[in-house]
Amino acid sequence: MFASRFNMDEPTRVFLVLSGEHPTLPLAEMRAILDANRIPFKITGSFYKLVEIQAEMEAVKPIAGRGAFIDEVGTEIVHSGPTITEIDDAVKSSDLSRYLPPDESFSVRVLRFGGVSKETSRVKLEGHLGWLIHNITRAKVDLENPQRLFHGLLAGPYFHLGLVAYQRPAGYVASRRPRKRPVFHPSTMTPKLARSMVNLSRAIGGTTFLDPFCGVGGILLEASLLGCEVIGMDALRRMIRGSRRNLKYFQMDPSGLIRGDARNIPVTRVEAMATDPPYGTGASTLKSTTRNILKDFLPEANSALAKAGRLVVASPLGTGTPDIAESAGFRVADRHEVYVHRSLTREILVLEAN
Ligand SMILES: C[S@@+](CC[C@H](N)C(=O)[O-])C[C@H]1O[C@@H](n2cnc3c(N)ncnc32)[C@H](O)[C@@H]1O
């Protein structure tokens, strides 16, 4: 509904509004998705949830929906100071008419990030921008069902006016919530964290993807939905059965589900892996410890991965996983901490095989 019908050949200024749910994962996920899809981009600015990049809008738009933490994407038309006079001057001298033909309707919403520019009233600014855009383009305001949606973003010391190209549908993971699946297990991750881990592994459609501790398939499901060739392994037959049922429920067809020990992986040249090994609380470590499992698993994962393939692994903070990973020959490319509850913070590592 908000797609631009104009062809934009030159690199455009694209803005992304990322989720504020986590301080580091959303930006890392955005970078990983753009890299994995070989979309050239350069970050030109960022403030809180807003990121400005230089990239081809037509390339970014189709992959925006892959991100667990990408809320919105659009073309940036105006970048100015936050006062009404500065905004006015910038809008009048912009190429706005290129984005809004006179026969189309539009609406404007103003969002403020991080409590900045309080002297500029959001509601007044929305009304003023509506009037200004109408005067410049002759297009009509339609608040109910606009053909184009503009977002005015007050972020840091700047104001940005952008044409929205993608918005994450409300409740987009609701149908995949662990409790909504045919087989539930308390060790299953949320779909958002699982999706972001798959994205951090640089998996895209057609990539061979392995989760060697797949449980009832939360991570496998996200990789399958992205079009990967997924293989799952778990030491317990009932978990494999659970994965099979859950994937089938979402009409996903894995390339393989194997009952086996992740310390002995029967496949090679895997392109990407994301996994959540057992911590001995929700999921059984089968008489071992997370640390000992990782000591045996990580060298095996390094050999199973193709060169420069990535493994994204979660473990309880304090397990010492970065050192174990380096001893296993991995390069620690990135790390994030995700607070779960008082006695569990997950450390998410992005590891590159050699
Ligand atoms: C935290 S759960 C994985 C949850 C999974 N990500 C999901 O969304 O359902 C860890 C799984 O590892 C399995 N497991 C434990 N030791 C294993 C081993 N040595 N090899 C393979 N799987 C193992 C457990 O049976 C459990 O299902």
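The values are calculated or read from the model by the stated rules, or taken from the named source; none is laboratory data. These numbers come from a predicted model, not from an experiment. With ideal geometry, Cβ positions are generated from the backbone for all residues, glycine too; neighbour counts draw on all protein chains shown. With ligands, DNA and RNA removed, areas are computed over all heavy atoms of the protein, side chains included. Shrake-Rupley method; radii C 1.70, N 1.55, O 1.52, S 1.80 Å.
Couple of notes before you dig in:
- Candidate lysines - alpha carbon under 20 Å from K92, same-chain residues fewer than 8 apart omitted: K124, K140
- Under a 5 Å amide H cut-off, with hydrogens placed 1.01 Å from N, M233 pairs with D211, F213, C214, I258 among residues at least 5 apart or on other chains.
- For region 277-344, the solvent-accessible area of protein heavy atoms averages 51 Å² per residue (probe radius 1.4 Å; ligands and nucleic acids excluded).
- Residue-by-residue Karplus 3J(HN,Hα) for region 244-260, coefficients 6.51, -1.76, 1.60, Hz, glycine and proline x: 4, 5, 5, 5, 4, 4, 9, 6, 9, 10, x, 6, x, 10, 10, 7, x
- Those lysines that a straight Cα-Cα span of less than 23 Å connects to K180, excepting residues fewer than 8 apart in one chain: K192, K248
- Dividing the summed helix terms, -39500 (n - 2.57) for each DSSP H run of n ≥ 4, by the number of residues in the chain produces a 222 nm estimate of -8000 deg cm²/dmol to the nearest 500.
- Listed by chain and number, the aspartates and glutamates placed with their C-alpha closer than 20 angstrom to that of K287 are D234, D261, D276, D296, E300; residues fewer than eight positions away on the same chain are left out.
- Exposed trypsin sites (Lys or Arg not before Pro) absent: longest stretch of the chain, with sites in DSSP loops and at most 15 other Cβ within 10 Å deemed exposed: 139-268
- Solvent exposure of region 131-266, expressed per residue, is 44 Å² of accessible area, with all protein chains present and a 1.4 angstrom probe.
- Computed with a 1.4 Å probe over protein heavy atoms only, the accessible area of E126 comes to about 50 Å².
- Percent carbon-and-sulfur accessible area, the chain, ignoring ligands, DNA and RNA, probe 1.4 Å: 50 percent
- Isotropic mean projected area of the C-alpha convex hull, region 119-227 (nm²): 11.2 nm²
- Placed amide H near G309: partners under 5 Å, 5+ positions off or other chain: A353
- Extent along the principal axes, Cα only, for the chain: 71, 38, 37 Å, with the longest axis given first.
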